[in-house]
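Engineer: Structure provided below as structure tokens; questions to follow.
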Amino acid sequence: MTSAIVFPGMGPCDFRDVAKFMLVNPYARELLGAASDALDYDLFDHYRDSASDYSEYAQVAFLVNCLALARWAERALDLRPDLIAGPSFGGKAAAVHSGALDFAAAVRLTAQLSRIETEYFAREQRGVVTMSFVRTPEERLAELLAELDEAGEWYEISCYVDTDFWMLSLHEGRTDWLAQRLRAVGALPLYVMDPPLHASTFRPLRERVEAELFGSLDLTDPDVPVIADQDGTVRDTAAGVRAMLLDGIHRPVRWPSVVETFQRFGVRTVHVCGPDRLWGRVGATTRNFETTIVDPRRALRPVRRAAVAA
């Protein structure tokens, strides 16, 4: 039976929900120590004291936890993936777990990219955020976007999550209006991501990141093929994974395209490895695959001896 690992995109994650896992799980402890060494600071302490859901420390900790959970699943659940995907932020974990990118290099990349993004959006494109919402069929979405067009407002769809689930980048001053309009038509606004990503107007950011960070980044051909979240194509070379990571800055996530690729390769089971409230629960995933959420809570449960011995 063909199986896949999915590393989730990053959403708000309370430190208290993962702290015990990071200190108790042996894979998390090992990666936490390696990440702290790569960064020259204590990641756990900085993450604990961080006030932002998307701080540099929160982002690196999310990477650590996703990879630790995948390693735990391979040992405890005898998971052997045939394909790997990582929508949005999950692309970094996918690159590491596939064998294409060294863990320490990924940690430094994540931290440096966070700093560059923070500076870029503070100076170059201030006040832009990405808002997620659900229960919005395509025709209803088109009506809302037409209203933004009529008002002369800029926007871009940053994530095509499902047939009624979207993430839209727009100016922060329009988020209250959008939330009100969504509720008025029976839709459900979820959360606002700052900094934003996955929009063509961020192309200058992509070019800066490529020049400053990717010139010295060493990637190799992955041991397990990675499915690009922008278009569902199979990336089995270092160049392909590199392009996927860079394209994530200015190209939208198209999760249904990843689902179609999984189906074409006969994927039956999907393990979502990471603190996840979206990608393992959205209908596009659960309708089509036997889906298992591998999160810190699951990894902290006692595992049967037979499973561990396997």
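All of the numbers you see were taken from the coordinates with simple rules; none came from a lab. This is a predicted model, so every value here is computed, not measured. Please note: Cβ atoms are built from the backbone with ideal geometry, for glycine as well, and neighbour counts cover all protein chains shown.
Engineer: What does the highest-first list of 205-211, 165-171 look like by mean Cβ count within 10 Å?
Structural biologist: Output ranking for 205-211, 165-171: 165-171, 205-211.
Engineer: Can you tell me how the stretch 128-193 classifies by the Cα gyration tensor, rounded, prolate or oblate, using a/c under 1.5 as the rounded cut?
Structural biologist: rounded
Engineer: With a 10 Å radius around each residue's Cβ, average the other Cβ atoms per peptide and rank 263-276, 24-37, 148-161, highest first.
Structural biologist: Result, highest mean first: 263-276, 24-37, 148-161.
Engineer: Please identify, among S52, S132, S257, the residue showing maximal mean-square fluctuation in a Gaussian network model of the chain using a 10 angstrom Cα cutoff.
Structural biologist: Fluctuation is largest for S52.
Engineer: Continuing with the same structure: Relative contact order, percent, of the stretch 28-84 when contacts are C-alpha pairs under 8 Å separated by at least 6 residues?
Structural biologist: 33 percent
Engineer: OK, next. Just going by the charge dipole of the chain, with Lys and Arg at +1 and Asp and Glu at -1 on Cβ, which of L178, V60, A28 is farthest out on the positive end?
Structural biologist: Ranked along the dipole, the leading option is A28.
Engineer: Given a cut-off of under 8 Å on Cα pairs at least six residues apart, what relative contact order in percent is computed for the chain?
Structural biologist: For the chain, the relative contact order is 26 percent.
Engineer: Given N residues in the stretch 181-266, what is its alpha carbon radius of gyration divided by 2.2 N^0.38 Å?
Structural biologist: Taking the Cα Rg and dividing by 2.2 N^0.38 Å, one obtains 1.34.
Engineer: What fraction of the Cα pairs in the chain, stated in percent, has a spacing above 27 angstrom?
Structural biologist: Value for the chain: 41 percent of Cα pairs lie more than 27 Å apart.
Engineer: M193's amide H: which non-local residues (gap 5+, or another chain) put their own amide H closer than 5 Å, with H modeled 1.01 Å from N in plane and none for Pro or chain starts?
Structural biologist: T130, M131, S132
Engineer: Using only Cα atoms, tell me the angle between helix 15-24 and the longest principal axis of the chain; keep it within 0 to 90° and round to the nearest 10.
Structural biologist: 20 degrees
Engineer: Between D82 and E147, what is 0.36 nm times their sequence separation minus the Cα-Cα distance? Round to one decimal in nm.
Structural biologist: 19.0 nm
Engineer: With 27 Å as the cut-off, how large is the P(r) tail for the stretch 40-184, expressed as percent of Cα-Cα pairs?
Structural biologist: Looking at the stretch 40-184, the distances longer than 27 Å represent 40 percent of pairs.
Engineer: Same structure again: Which value in Å does the Kirkwood hydrodynamic radius of the stretch 1-115 take, with 1/r averaged over all unlike C-alpha pairs and then inverted?
Structural biologist: Result for the stretch 1-115 stands at 14.2 Å.
Engineer: Give the dimensionless ratio obtained when the Cα radius of gyration of the stretch 224-297 is divided by 2.2 N^0.38 Å.
Structural biologist: 1.13
Engineer: Additional query: With each pseudo-label sitting 7 Å past Cα toward Cβ, what's the V24-R140 distance in nm, one decimal?
Structural biologist: 4.0 nm
Engineer: In a solvent-free Debye calculation with one equal scatterer on each Cα, what is log10 I(q)/I(0) for the stretch 5-72 at q = 0.15, 0.16 Å⁻¹, listed in the order of the q values?
Structural biologist: Summing over Cα pairs of the stretch 5-72 leads to -0.41, -0.47.
Engineer: Something else now. From Cα pairs below 8 angstrom and at least 6 apart in sequence, can you work out the relative contact order of the stretch 106-196, rounded to a whole percent?
Structural biologist: 41 percent
Engineer: Looking only at the chain, where both bridge partners belong to it, what percent of the DSSP beta bridges are antiparallel (to the nearest 5)?
Structural biologist: DSSP beta bridges in the chain are roughly 55 percent antiparallel.
Engineer: Now for a different question. Work out how much length R208 to E119 would gain on full extension: take 0.36 nm times their residue separation and subtract the Cα-Cα distance, in nm to one decimal.
Structural biologist: Length gained, R208 through E119: 30.9 nm.
Engineer: Another question, if that's okay. Could you give me the ³J(HN,Hα) list for the stretch 243-248, computed from phi with Karplus coefficients 6.51, -1.76, 1.60 and θ = phi - 60°, whole Hz, x at Gly and Pro?
Structural biologist: 4, 4, 5, 6, 5, x
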